[in-house]
């Protein structure tokens, strides 16, 4: 089910590790609610309106933006 | 190596291997040690020339650090002697004759029918079948000094088998402690890094002296998301972990492109000396139902692990390569795997590519210790050392992971 364009979804963003904090600030200014700035991996995580991902991709220093995925372990008894 | 052994046909010429730093002066070394006059290869020009056409006894290939020379037996003896002294001569071998391999010759290269394979493997009193199959018990390496991160449902650190291991624990799941109330994480950590001595049953840990870092990125209910997983990877990288084991993922449809985010992060990790290993997924229903390797194992820079059973057949659930978007790199034991479980159960045997993955991570720790390799070099060492199997590379990649 596709989320409403205006409702927030979780997103993950790759940036240059050395610029992570600065780019996180610009992402915040562009409307993203920044949750974590991961300066070893060079990733900023947070939430943004589903319709605004294209805006985040244009932010200076951003390499890629993807909606965050969920993973789930299989139920007990099924192959793990 | 003696130069008159029975074996491949030889040309009568001799190969001399020099240390990397001494290739510039190789002609002088040949003259001094054996009275051989040789020419540097660039001086020959671009036209191929045989040694007989030249006024010297040989050619030094500077980029290779190798000379090909015509040498008399006493000169060969002098070169052999030089390998044992201070001269920068590493090895001396007879040049071999090689031919293009014809189709007909390939037919003679099928393995002998009685070649021992070891399968079917069994749990013994001493160790699980998986440890036997990956040859962990005969390895001189133990993972000492190597940091392994297991990103999963955490660890039950109260388990008696981990009492002396002092694992680093951290939760990336909001509202949950790092302690594992699911079991999956404790089982995977046990396979990768469980100790040499256990309270009861067979030994189950591949790298018993590795430093354990358990990041809880999946909840006790077994679910998680990219924010926690990427947070866990970042934590493991910042801690200088050499290996990250991720028995987690999501199934995909065929032809789904891999995540740019995970690929970029995994490449950065490799550049920093951290190898990420992930489960291929369990969505196949063999023999007929095949499912492609899942996210994030389908990223080229993440090592994707398939599962085999104790008969060395592909596990019926194990995902396969998607030629368009992701491949299986290697296989590990993943059916009926006995390992640690949170107290009071303490032990459990379960199946999945989740169980195969920490076998590979544990062997990676042994390899990192034994070879000093990290990042892409460690990846290459695991690939080189894996045992090839009579199975499709689409299903098992290079084959069964093997301890150094």
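The values are calculated or read from the model by the stated rules, or taken from the named source; none is laboratory data. Since this is a predicted model, take the numbers as computed values, not measurements. Cβ atoms come from the backbone with ideal geometry, glycine included; neighbour counts cover every protein chain shown.
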Tally up the residues in segment A:65-80 that are modelled with pLDDT of 95 or more, facing another protein chain (nearest Cβ under 8 Å) and loosely packed, with under 15 Cβ neighbours inside 10 Å, please.
0
Determine the pairs where a residue that is at the interface with chain A (Cβ under 10 Å from one of its Cβ atoms), located within segment B:305-322, has a partner that is surrounded by fewer than 24 Cβ atoms within 10 Å (Cβ to Cβ) and not in a loop (DSSP other than H, G, I, E, B) with Cβ atoms under 6 Å apart, the partner being 6 or more residues away or on another chain.
none
Restricting to segment B:156-173, name every residue that is in contact with a strand residue (DSSP E or B) (Cβ under 7 Å, 6 or more places away or on another chain) and farther than 13 Å from residue B:211 by Cβ.
B:157, B:159, B:161, B:170, B:171, B:172, B:173
For segment A:1-56, which positions are touching a helix residue (DSSP H, G or I) at 6+ places or on another chain (Cβ under 8 Å), at the interface with another protein chain (Cβ under 10 Å from one of its Cβ atoms) and more than 24 Å from residue B:240 (Cα to Cα)?
A:10, A:11, A:46
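For residues that are part of a loop (DSSP other than H, G, I, E, B) and at pLDDT 95 or above, tally how many sit in segment B:140-164.
Going residue by residue through segment B:140-164, those that are part of a loop (DSSP other than H, G, I, E, B) are B:140-146, B:153-159, B:163-164.
Then drop every residue that is not at pLDDT 95 or above, which leaves B:141-146, B:153-159.
Adding up the residues that qualify gives 13.
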Condition first: surrounded by fewer than 19 Cβ atoms within 10 Å (Cβ to Cβ) and either touching a strand residue (DSSP E or B) at 6+ places or on another chain (Cβ under 8 Å) or modelled with pLDDT of 85 or more (or both). Now tell me which residues in segment B:52-64 satisfy that.
B:54, B:56, B:61, B:62
Which ones in segment B:27-51 are closer than 21 Å to residue B:96 by Cβ, in contact with a strand residue (DSSP E or B) (Cβ under 6 Å, 6 or more places away or on another chain) and at pLDDT 85 or above?
B:30, B:36, B:38
With a cut-off of at least 2 residues that are at the interface with another protein chain (Cβ under 10 Å from one of its Cβ atoms), name the strands (runs of 3 or more DSSP E) lying wholly within segment B:207-261.
B:223-225
Taking segment B:270-284 only, how many residues are over 12 Å from residue B:248 (Cβ atoms) and in contact (Cβ under 8 Å) with a residue 60 or more places away in the chain?
6
I'd like to know if segment B:282-290 contains one or more residues that are away from chain A (no Cβ under 11 Å), closer than 21 Å to residue B:322 by Cβ, outside any loop (DSSP other than H, G, I, E, B) and out of contact with any helix residue (DSSP H, G or I) (no Cβ under 7 Å at 6 or more places or on another chain).
yes
In this structure, is residue B:323 at pLDDT below 95 and in contact with a helix residue (DSSP H, G or I) (Cβ under 9 Å, 6 or more places away or on another chain)?
yes
Residue B:186 being within 14 Å of residue B:347 (Cα to Cα) and buried (at least 24 other Cβ atoms within 10 Å of the Cβ)
yes
Applying the selection to segment B:392-402, what residues are part of a helix (DSSP H, G or I) and buried (at least 24 other Cβ atoms within 10 Å of the Cβ)?
B:396
Cβ pairs under 6 Å, 6+ apart or interchain, first in segment B:60-88 and in contact (Cβ under 8 Å) with a residue 60 or more places away in the chain, second surrounded by fewer than 18 Cβ atoms within 10 Å (Cβ to Cβ) and in a helix (DSSP H, G or I), ordered by first then second residue, are B:88/B:22
Members of segment B:245-258 that are surrounded by 20 or more Cβ atoms within 10 Å (Cβ to Cβ) and closer than 22 Å to residue B:216 by Cα:
B:245, B:246, B:247, B:248, B:249
What is the one condition in (1) under 22 Å from the mean Cα position of the chain (by Cα); (2) surrounded by fewer than 24 Cβ atoms within 10 Å (Cβ to Cβ); (3) over 20 Å from residue B:362 (Cα atoms) that residue B:225 does not satisfy?
(1)
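Matching residues to (1) surrounded by 22 or more Cβ atoms within 10 Å (Cβ to Cβ); (2) part of a strand (DSSP E or B); (3) modelled with pLDDT under 95; (4) within 13 Å of chain A (Cβ to nearest Cβ):
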| residue | (1), (2), (3), (4) |
| --- | --- |
| B:338 | yes, yes, no, no |
| B:343 | no, no, no, no |
| B:356 | yes, no, no, yes |
| B:361 | yes, no, no, no |
| B:366 | yes, no, no, no |
| B:370 | no, no, no, no |
| B:378 | yes, no, no, no |
| B:382 | yes, no, no, no |
| B:390 | no, no, no, no |
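Among residues belonging to segment B:262-280 that are within 10 Å of chain A (Cβ to nearest Cβ) and under 23 Å from residue B:291 (Cα atoms), point out the one that is surrounded by the fewest Cβ atoms within 10 Å (Cβ to Cβ).
B:263
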Unmet requirement for residue A:41, which otherwise passes all of (1) under 26 Å from residue B:356 (Cβ atoms); (2) touching a residue at least 12 places away in the same chain (Cβ under 8 Å); (3) within 12 Å of the chain's Cα centre (by Cα)
(3)
All conditions in (1) part of a strand (DSSP E or B); (2) exposed (fewer than 13 other Cβ atoms within 10 Å of the Cβ) are true of residue B:170 except (2)
So residue B:116 passes all but one of these: (1) in a helix (DSSP H, G or I); (2) modelled with pLDDT under 50. Which condition number does it fail?
(1)
